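Enquirer: Quick one: the structure is below, questions incoming.
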Amino acid sequence: MSLNRALKEHQKMKEKEVSKTVKAAITLSDLAATKVKEACVAAKKKALRIGIVPGGCSGFQYLFSLTDTAEKNDLVVEKNNAVVYLDTYSAEKLDGAQIDYHDALTGAGFKIKNPNATGGCGCGSSFK
């Protein structure tokens, strides 16, 4: 699926009503919050947006982007001056997730421990 098509599908899903109330926000580790803040400062942006879009071999994939603007009904998570936005659809799929940052020889980046994911692909880039 192309990125443009995935983003259009994501927007359609955002516009649908959320079927449950989000009881718990995501949590950021201290290192993840530091890396969010560093990325925002370097790009002169206000926040990291984490979204979920259809795609990947398991059905859904995470989308990370830096932004200055919160959308209507966004969930805003703040820790140590780092700001993360989640749309309501993604917040439902990420309810209770823990966001960490790993820096290793094989790669660095944000890692999401999502209790709502029922499976994933072998490469780890998508989930269901």
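The values are calculated or read from the model by the stated rules, or taken from the named source; none is laboratory data. Keep in mind it's a predicted model, so treat the numbers as computed, not measured. Because the Cβ atoms are built from the backbone with ideal geometry, glycine has one as well, and the counts that use them run over all protein chains shown.
Enquirer: Output yes when any residue across region 2-22 is modelled with pLDDT of 90 or more and surrounded by fewer than 16 Cβ atoms within 10 Å (Cβ to Cβ), and no when none is. Before the answer, list the steps.
Expert: In the first step, residues of region 2-22 are kept if they are modelled with pLDDT of 90 or more; the result is none.
Within region 2-22, none of the residues are modelled with pLDDT of 90 or more and surrounded by fewer than 16 Cβ atoms within 10 Å (Cβ to Cβ).
Enquirer: Kindly provide the set of residues from region 100-121 that are surrounded by 17 or more Cβ atoms within 10 Å (Cβ to Cβ) and of a type in the set (Gly, Ala, Ser), ordered by number.
Expert: Matches in region 100-121: 117, 120.
Enquirer: Counting only residues that are in contact (Cβ under 8 Å) with a residue 12 or more places away in the chain and in a loop (DSSP other than H, G, I, E, B), which one in region 94-116 is nearest to residue 52 (Cα to Cα)?
Expert: Across region 94-116, the extreme among qualifying residues is 94.
Enquirer: Okay, next question. Residues that are within 18 Å of residue 72 (Cβ to Cβ) and modelled with pLDDT of 95 or more: does region 24-43 have at least one?
Expert: There is no residue in region 24-43 that is within 18 Å of residue 72 (Cβ to Cβ) and modelled with pLDDT of 95 or more.
Enquirer: Mind checking which residues of region 61-116 are over 12 Å from the mean Cα position of the chain (by Cα), among the hydrophobic types (A, V, I, L, M, F, W, C) and at pLDDT below 90?
Expert: Of everything in region 61-116, those that are over 12 Å from the mean Cα position of the chain (by Cα), among the hydrophobic types (A, V, I, L, M, F, W, C) and at pLDDT below 90 turn out to be 104, 105, 108.
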